[in-house]
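What follows is a set of notes on a single structure, which appears directly below.
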Amino acid sequence: MHEHHDDDALRALLQSATPAPPVDDVDWQRLHARITAGATPLLRARTQSWWGLVASWSGRAGSAAAAAAAALLLLLSQVSRPAPAGNEFFTVEEVLAEAMLAEAGPILAPTNDDMVEALLLEGSESQ
Amino acid sequence: MQDALLVGRVLRGDAEAYGELVSRHMRQAFAIAYRILEHREDAEDAVQDAFIRALERIDQLGPGGRFRPWMLRIVVNTALNSRRRRGVRRTEAVLDTMAADGSLPDEAAERADLRARLSAALDALPEKQRTIVQLADLEHMRSAEIGEILELSDGTVRWHLHEARRALRQALSPVREDT
């Protein structure tokens, strides 16, 4: 308690004996202007680096978009390009039908029985 | 607008946001610099340097960082560096005040003597303790706030404050018996 009282007395003594900051003597507008003038080159560099960053990002994004567009155009040209003259042009249905027929090949191909029958026929004709 | 939002704009080079931060904090920055340097022009120079340094390092503040204590820390460090470099030019300030307050010659002499003793006692304190006393007893800052500025724990600030006051009481005891 006694120490707290002493602290208060010491604080009062310090405040009375120490000159207060002369806030009324400061030209605040001038100080503000000095500070902001000194900061201008730093802020300008930040603006440039910010826009540079945006520009570089937009540049990268632009390149990617251009590449994607080129790829899309190439793909579209391949899909819609008419079949060259002289070459057969198959529809999806035709390709599928051909694949099914190829799958059924072994069934349609001559069997051993057919070969025997052909040989018998050949033998009977020669007789 | 909150300081954090202004800081975000300053990071993108917004001069208006920076100007607003300066307007908000330059008075307290000046008061603290003045307490340390005890000279108006030196304090103004320190404030200017501190705000420029703050802008140079503003990326270090981080997204959740509080601008005010961070800024005032730079002010304290700048003013302390200036004080170490140039010394204190307080004599000028004391003479100015003596001439301006219009007190009687005896009172003025007594005050001048008290100021001289206080200045000597404050100067004799370790730098950290002197700064803590100035921020606590002259700028009315709480120990937690001082701790945030000086990057010390609340308890450490209180301990330094206790030690500093004890040393000042001892140094000023002959004066205090008279008053």
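For the range B:146-162, taking the residues that are surrounded by fewer than 16 Cβ atoms within 10 Å (Cβ to Cβ) and either under 22 Å from residue A:9 (Cβ atoms) or under 14 Å from the mean Cα position of the chain (by Cα) (or both), the one that is nearest to the other protein chains (Cβ to nearest Cβ) is identified as B:162. From the set of residues in the range B:128-145 that are within 13 Å of chain A (Cβ to nearest Cβ) and assigned to a loop (DSSP other than H, G, I, E, B), which is surrounded by the fewest Cβ atoms within 10 Å (Cβ to Cβ)? Checked the range B:128-145; the qualifying residue surrounded by the fewest Cβ atoms within 10 Å (Cβ to Cβ) is B:140. Of the residues contained in the range B:106-122, none is found to be modelled with pLDDT of 95 or more and of a type in the set (Ser, Thr, Tyr).
The criterion of being at pLDDT below 85, assigned to a helix (DSSP H, G or I) and more than 7 Å from every other protein chain (Cβ to nearest Cβ) holds for residue A:60. Kindly indicate whether residue B:125 is under 22 Å from residue B:30 (Cα atoms), under 18 Å from the mean Cα position of the chain (by Cα) and at pLDDT 75 or above. It is false that residue B:125 is under 22 Å from residue B:30 (Cα atoms), under 18 Å from the mean Cα position of the chain (by Cα) and at pLDDT 75 or above.
The values are calculated or read from the model by the stated rules, or taken from the named source; none is laboratory data. Since this is a predicted model, take the numbers as computed values, not measurements. Here Cβ is always computed from backbone atoms with ideal geometry, including for glycine, and neighbour counts include all displayed protein chains.
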